[in-house]
Amino acid sequence: MLMVAKSSPNMLWDSPSYHDYKSYSVSIPKDFVFLRPPSGTFLLSSNSGCSCVITQASALLAKPTSCEIIDDNAKIIKFCEMGNLKNAMELLCGSRKPELELNTYCSILELCAQHKSLEDGRKVHSIICSNGVEIAGALGAKLVFMYLNCGDLREGRQVFDKILNDKVFLWNLMISEYAKIRNFREGINLFKKMQELGIQPNSYTFSGVLKCFAAIGNLEAGEKIHGYLYKLGFGSYNTVMNSLIAFYFKKRRVERARKVFDELSDRDVISWNSMMSAYSSNGLGERGVEIFVQMLCLGIHMDLATVVNVLVACAGVGSLSLGRALHAYAIKASFDGEIMFCNTLLDMYSKCGDLRGAIQVFERMSERSVVSWTSMMAGYVREGLSSEAIRLFHEMERNGVSPDIFTVTSILHACARSGSLDNGKDIHYYIRENSMDSNLFVCNALMDMYAKCGSMADANLVFSRMPVKDVISWNTMIGGFSKNCLPNEALKLFAEMQQKSKPDSVTAVCVLPACASLAALGKGQEIHGYIIRNGYFSDQHVANALVDMYVKCGVLVLAQLLFDMIPVKDLISWTVIIAGYGMHGFGSEAIAAFNEMRRVGIKPDKVSFISILYACSHSGLLDEGWKLFNIMKNEYKIEPTLEHYSCMVDLLSRTGNLSKAYKFIKKIPIEPDATIWGSLLCGCRIYHDVELAEKVAEHVFELEPENTGYYVLLANIYAEAEKWEEVKNLRQRIGRQGLKKNPGCSWMAIRGQLNIFVANDSSHPQAKNIESLLKRLRAKMNEEGLHPKTRYALINADDMEKEIALCGHSEKLAMAFGMLNLSPGQTIRVTKNLRVCGDCHEMAKFMSKTSRREIVLRDSNRFHHFKDGNCSCRGFW
C-alpha cells in the first residue's frame, strides 16, 4: 500500500541546547512515498525512528531498490551512531551515488559538530552541493549548527541567510553565538528581523536578547521587551523572568529587579540563586544574605549554587560567622568535595580576613584548579604577604598547573604591592613566552606593576606595543607618570588621550596630581571644567583630587569653596584641607578643621596627624602641637612613626627650642633618620647656632652622604656667621666626594606656556629685560634702606659681587618675568624646586609692595603669599 505524504511534519525545537538537536523530523518532498514492505523484508531504521524505506516513487515503480545505496546509508548512519567520524567520512567520500538520504547527511553533520571537526564538516557541505541536494529544512538546520558548533559563525550565517527558515531554535542559536563573541548589536538585529518575519519568539529568545540589551546598556529597549514578553504570556516563565532580573541588575535598576522577583508566583531555586548572585555582584551583599534568610524561612531546598552564592555574599560583607556556618552545612550536604565550592569557600575566608582558614581549605583540597591557586595568591596579596604569593606561584608551576590571565594579573599585583621589580620582570618573561602579552588585562597589570615599582620606561614600552588600549591603559600610564614625579609626561599623555579615547573620572584623579605637582593652575582649571561638564564632581575621589590640586596651586580660597561643596566628606577630604591650611601657614584654621572632623565622627589616622602636626610646625604653634601629639598617642593609641617625630622636632626647632629638640631626638624609640636631624639643622640656621649645627650635621652626613642639600644648608650657616674658611673646607669636601648641588630651578605658566628659569641662566629670550628690572628694583630697595642679605651668596667676596650672585637666583628671575608679562594687578605664581633663600624672600616682599600685586611662591617646604610687603609664613619657613 502506497501512502503519499501530503505535508512535511512540523518541526519546533524549544531549546537551543545541544541535546535538543538530537531529535528532529525530516521534511519529505511531495513526490516521496511511504512503502509498506511485505513481511520479512529488510527495514532500514533511521535516526527519527521511522521503520520505512524512503525513495522516489518513480524509481520504485521503474526498477528495484539498490541494496548498495541502502547499505551505504545504513553503514554511514551506523558509523555515526558509534561516533566513528573517520570511517563515516571515508564511506561518504567513496560513495559516488547521488541518492544518499537526507538523514545520512544530517547524521554525519551532527557527528562533525560533536567532534568540532570543521574540515570534515566543510567536506560534507561540498559533497551535498556537488550532489545537487537542496539545502533546506532539517538539512539546512544541521549545516548551520555544524558551522556554529565548530566556531565558523561567518559561514554558518551565510547558510542561515540562504535557507527559508522559520524555526525559532535556529534564530535563538544565532543570537546566542553573536552574544558569545560580544557582537550584541547583531544579535539584536536578528531579533528585530524575527519580528519582521512574524516568527514568534520563545522563552530562550527572550533570555538571549535580554543579555544583548544589558550588554549594550539599552535600558529603554529592555523595558520594551519586558512589556512585549508579558503580552505574549511569558510572565510566568522562570527562565525568562530570571533573565529579566539579571538585565535590571546589570543596569543597576535594583528595585525593578526586586519587583520582577516578587511578582513571580512560582519561584524556583534558580530564581532565588539569581537574586543572591545579582545582589552580590552589585555590591549589595547584605541584601543577598537577606534573600537567603527569606529562602530558608520558606523552606526552599538549597543546592550547591545556593551555598556558593551566599558564600560570595559573605565575602562581600565580611560575614565570617555565616560563612563558617555554611561551611559546616556544606560538609553535611557532601558539597565539600566540589571544587567550585572549595574555591568559593577559600575566597570567602580570605576576603573576611581569616587567612589561616583559607590556607586550611587550600591544603585539604584533594583537587586544585588554577582558580584555587589564584584565589590563594590573592589572599596572600590582600594580607600584604606578597612574597608568599610569589612563592605560591612558583609552587603552582612545579605542580604542573598552567597559570591563566587571572593568575598572572594577581601575581603582578603582588609584585606591585611589594615593589619586587625583579620578580615582576620574571613574570613578564613568562607572559611573553606563553603569548599572553597581547591580552589587554595582562598588559594593564604589567604597566601597573612597572609603574608601582618605579620603572616607567618599562611601563611605557608595554604601553607603546599594545595593539588595543582601553581607558584603564591610559589611566595607568598617566597615574604612573604622576606618582613617579614625571608630571610633564603625565600631562603630555593626557593631551594625547583626549584625541584617542574619552577620559573618565579615574583619568581626572590620575592627572590632577600632575597639575598640582607643577602648580599648573591653568591646566587644572581646564580639567575642572571637564569634570563639571561630565558630572564627575559627585565622585568623592575626583572631588578630593580637585581640592588637593587647588591647594597645591596656591588657590586656597577655591580649595575651601570646593571642600564645602562636597556633600559627604571622608577622611581624605579632611586630611587634604588640613594639609592645605598647613602648607599655606594657616595653622589655627588647620586645627579648627581637625577639631571639626573629630566632632562629626571621623576618626583621624596616622596621615591626618602628620598633616596637623606639620601645620602646627609651620605656624609656630608649639603648645597646640604637643597637645595633638599626646592626643594621638593616648586617645587614639596611634604609635608615632618617624614622620610624626620629624614634625615635632621641626616644631621645636622653628620655635627656637633647639636643645629640647636635640634631647627629644635622643629619646626617640626609633632610630632617627636624616629628615629628623635635617629639621634640627634647619633650626640651627634660623637661630644661628653654629656649634650645635656642626654636631647635627655629622649625623646627617653619615645617614645621607650624597645629599648635597644638607652640605649647602651647613654652608649657609657658616656663611651667615662669616666663617669663610669653613665654607671653603665644606666646598672642598663636596668636591672630593664628587657631589653636585641640585641647581635652583623655578617655573611659572603664562597663557598655557610653561616658562622655566635656572639660576644664573641668561639664555631666556627676555633675559636682558629681566636683568634690567631686577637692577632697578635692587637700587630702589637700597634707596629705602633695604639692603640685600648678602650672606646668602655663599662666597667670600665684597658686597657688590655677592649682590650680583644673588640677583641670578631662579625665583627672582621668574618673579621679574611675571611682572613684565602679566597684566597690572594680576597674581604672580611661581614654583621652585628648592627652599627659597632669605634674600629672595625679602625681594619678593618688596616686589609685592611696589607692584601692588600678590606673589604666590611655592618652594620645596611650603607656600609663601606675599602681599603689601608681608609674607603669610610670618618667618616660619
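The values are calculated or read from the model by the stated rules, or taken from the named source; none is laboratory data. Here the structure is a predicted model, which is why all the values come from computation and not from measurement. As a convention, Cβ positions derive from the backbone with ideal geometry for all residues, glycine included, and neighbour counts pool all protein chains shown.
The figures follow:
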quantity: Yes/no for Gly424 being surrounded by fewer than 19 Cβ atoms within 10 Å (Cβ to Cβ) and within 19 Å of Ser386 (Cα to Cα); calculated: no
quantity: Helices (runs of 4 or more DSSP H) enclosed by the range 479-536 - at least 3 residues per element that are out of contact with any strand residue (DSSP E or B) (no Cβ under 6 Å at 6 or more places or on another chain) and closer than 23 Å to Ser573 by Cα; calculated: 505-518, 521-533
quantity: Residues satisfying the stated conditions in the range 835-873, i.e. free of Cβ contacts under 8 Å to residues at least 24 places away in the same chain and part of a helix (DSSP H, G or I); calculated: Ser848, Lys849
quantity: Every pair of residues 6+ apart whose Cβ atoms lie under 7 Å, when the first sits in the range 807-834 and is outside the structural domain of Arg776 (by TED's automatic domain parsing) and farther than 25 Å from Tyr710 by Cα while the second is assigned to a helix (DSSP H, G or I) and of a type outside the set (Phe, Trp, Tyr); calculated: none
quantity: Number of the exception - Gly400 against (1) closer than 18 Å to Gly480 by Cα; (2) in a loop (DSSP other than H, G, I, E, B); (3) not polar (S, T, N, Q); calculated: (1)
quantity: Near pairs, Cβ below 8 angstrom, 6+ apart or cross-chain, from the range 382-398 (assigned by TED's automatic domain parsing to the domain that holds Asp422) to any residue that is in a helix (DSSP H, G or I) and among the aromatic types (Phe, Trp, Tyr); calculated: Ser386/Tyr380; Glu388/Tyr380; Ala389/Tyr380; Leu392/Trp373; Leu392/Tyr380; Phe393/Trp373; Met396/Trp373
quantity: Residues of the range 288-307 that turn out to be under 22 Å from Leu320 (Cβ atoms) and in contact (Cβ under 8 Å) with a residue 12 or more places away in the chain, as a count; calculated: 10
quantity: Single match in Ser265, Ser281 (criterion: surrounded by fewer than 18 Cβ atoms within 10 Å (Cβ to Cβ), within 24 Å of Leu320 (Cβ to Cβ) and either not basic (Lys, Arg) or not assigned by TED's automatic domain parsing to the domain that holds Leu229 (or both)); calculated: Ser281
quantity: Within the range 837-866, tally of residues that are of a type in the set (A, V, I, L, M, F, W, C) and farther than 18 Å from Asn782 by Cβ; calculated: 6
quantity: Some residue of the range 122-136 being assigned to a loop (DSSP other than H, G, I, E, B), within 34 Å of the chain's Cα centre (by Cα) and of a type in the set (Asp, Glu); calculated: no
quantity: Residue list for the range 336-361, filter: surrounded by fewer than 21 Cβ atoms within 10 Å (Cβ to Cβ) and of a type in the set (A, V, I, L, M, F, W, C); calculated: Ile339, Met340, Leu355, Ile359
quantity: Extreme residue, surrounded by the fewest Cβ atoms within 10 Å (Cβ to Cβ), among residues of the range 463-510 that are more than 15 Å from the chain's Cα centre (by Cα) and among the acidic types (Asp, Glu); calculated: Glu496
quantity: Residue among Leu173, Leu143 that is in contact with a Pro (Cβ under 9 Å, 6 or more places away or on another chain), within 30 Å of Lys211 (Cβ to Cβ) and surrounded by 21 or more Cβ atoms within 10 Å (Cβ to Cβ); calculated: Leu173
quantity: Any hit, the range 362-376, residues being surrounded by fewer than 18 Cβ atoms within 10 Å (Cβ to Cβ), in a helix (DSSP H, G or I) and in contact with a Pro (Cβ under 7 Å, 6 or more places away or on another chain); calculated: yes
quantity: The one condition in (1) out of contact with any Cys (no Cβ under 6 Å at 6 or more places or on another chain); (2) within 28 Å of Asn202 (Cα to Cα); (3) touching a residue at least 12 places away in the same chain (Cβ under 8 Å) that Ala179 fails to fulfil; calculated: (1)
quantity: Answer residue from the range 713-731, given it is buried (at least 18 other Cβ atoms within 10 Å of the Cβ) and of a type in the set (A, V, I, L, M, F, W, C) and is nearest to Leu834 (Cα to Cα) among those; calculated: Leu713
quantity: Breaking point among (1) modelled with pLDDT under 95; (2) buried (at least 22 other Cβ atoms within 10 Å of the Cβ); (3) out of contact with any His (no Cβ under 9 Å at 6 or more places or on another chain), for Ser517; calculated: (2)
quantity: Residue within the range 148-159 that is of a type in the set (S, T, N, Q), in the same structural domain as His226 (by TED's automatic domain parsing) and farther than 24 Å from Ile77 by Cβ present; calculated: no
quantity: Residue check for Val159: touching a Phe, Trp or Tyr at 6+ places or on another chain (Cβ under 7 Å) and more than 23 Å from Glu110 (Cα to Cα); calculated: no
quantity: The range 291-322, residues that are modelled with pLDDT of 85 or more, surrounded by fewer than 19 Cβ atoms within 10 Å (Cβ to Cβ), more than 18 Å from Met340 (Cβ to Cβ) and not hydrophobic (A, V, I, L, M, F, W, C); calculated: Gly318, Ser321
quantity: Residue, farthest from Ile291 (Cα to Cα), within the range 314-360, restricted to residues that are among the hydroxyl-bearing types (Ser, Thr, Tyr) and not in a helix (DSSP H, G or I); calculated: Ser334
quantity: Of all residues in the range 833-862 being closer than 23 Å to Pro487 by Cα and at pLDDT 90 or above, the one that is surrounded by the most Cβ atoms within 10 Å (Cβ to Cβ); calculated: Leu857
quantity: The range 610-668: number of residues that are touching a Cys at 6+ places or on another chain (Cβ under 7 Å), among the aliphatic types (A, V, I, L, M), surrounded by 22 or more Cβ atoms within 10 Å (Cβ to Cβ) and closer than 19 Å to Leu692 by Cα; calculated: 1
quantity: Criterion (buried (at least 20 other Cβ atoms within 10 Å of the Cβ) and at positive phi) met by exactly one of Gly151, Gly137; calculated: Gly137
